[in-house]
Every structure is written in structure tokens, then in C-alpha cells.
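Dropping a structure here in C-alpha cells format, bear with me for questions.
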Amino acid sequence: MALTCEVCGSPIKTGPNSVEIDGAILRVCQSCSKLGRPVSVAPRIQRSIAPRHAPARTFEPELEIDPEYTLIVRHAREKMGLTQEALGRIINVKPSVIHHIETGKMKPDMNLARTLMHQLKVNLLVPSSELDSNAR
């Protein structure tokens, strides 16, 4: 397969010239090489595509939100002297979200729970096995 100039489309008879034109590196013919700045391009190395294996994961227990999350969040917020509005501003959620969490109308998702844990310095996640054994 003959190489063609990436600018004018004509076949490249001698070795292709690599030039930078408007930030793009192109393989061009001798006459189009005057349009850009010459660059040296390392030859491409083709690698065989081998399947990637996921790294070995250490056992991490399945975590769930603590059933007492409403009290934990409210007490931690009050202990830090924050209003619902202030906490909402800090973690970038509406104050109504904080209110719904503290009243139990809304259960936080894992991302919000982790954000609350970080900001309030409390633990809201417990292993599901602990919850199962407490339910018996």
C-alpha cells in the first residue's frame, strides 16, 4: 500500500516527511513539507493486545449505611456547631437534603455518606454481616 500525502493526497515517492502544521503532526510529500515545521517522529511499535487482568483485590466486606445514621449525622453536626445550611454549603448540597437525612426521610447514597463521614469525622458505614447478625 503506497503512502499518500496527508495534505494534498498525492502518492509519496520518497520517504515521508513528518511536519507539524497548526499543531498536528502529518506525514507529507516533499513539496508539502515546506508548509510546516519539520519534526522527528519515533517509529510506532505495534504491540499485541493481551487481555488485562484485574488486579487482585483484597477482601472488602460489603458495607451498608448504619441504621442509626439520622442520629449520628445530627449529633456530629451539632457537636461541630454547624447549622444544616452551613453543612449543606460545605459539602455542596441543599440544606433540605441535610434536613431529610436527619429526619430519616432520605437515606444518603454511598458517595454522600462518605462525604458526610469525612466532613463530620464519623462512621456511617457498617459491614452488612454485622447488620445481619443484629437482626437475628
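Looking at the range 90-102, I want the residues that are under 17 Å from THR70 (Cβ atoms) and in the same structural domain as TYR69 (by TED's automatic domain parsing) and have a partner that is in a helix (DSSP H, G or I) and among the acidic types (Asp, Glu) with Cβ atoms under 7 Å, at least 6 apart or on another chain. Which pairs are those?
PRO95/GLU85
Right, here's the next one. Kindly state which helices (runs of 4 or more DSSP H) lie completely within the range 32-136 and contain at least 3 residues that are at pLDDT 90 or above and surrounded by 14 or more Cβ atoms within 10 Å (Cβ to Cβ).
Fully inside the range 32-136 and qualifying: 69-79, 84-91, 95-103, 110-120.
The values are calculated or read from the model by the stated rules, or taken from the named source; none is laboratory data. From a predicted model like this one, the values you see are computed outputs, not experimental measurements. So basically every Cβ, Gly included, is an ideal-geometry build from the backbone, and we count neighbours across all protein chains shown.
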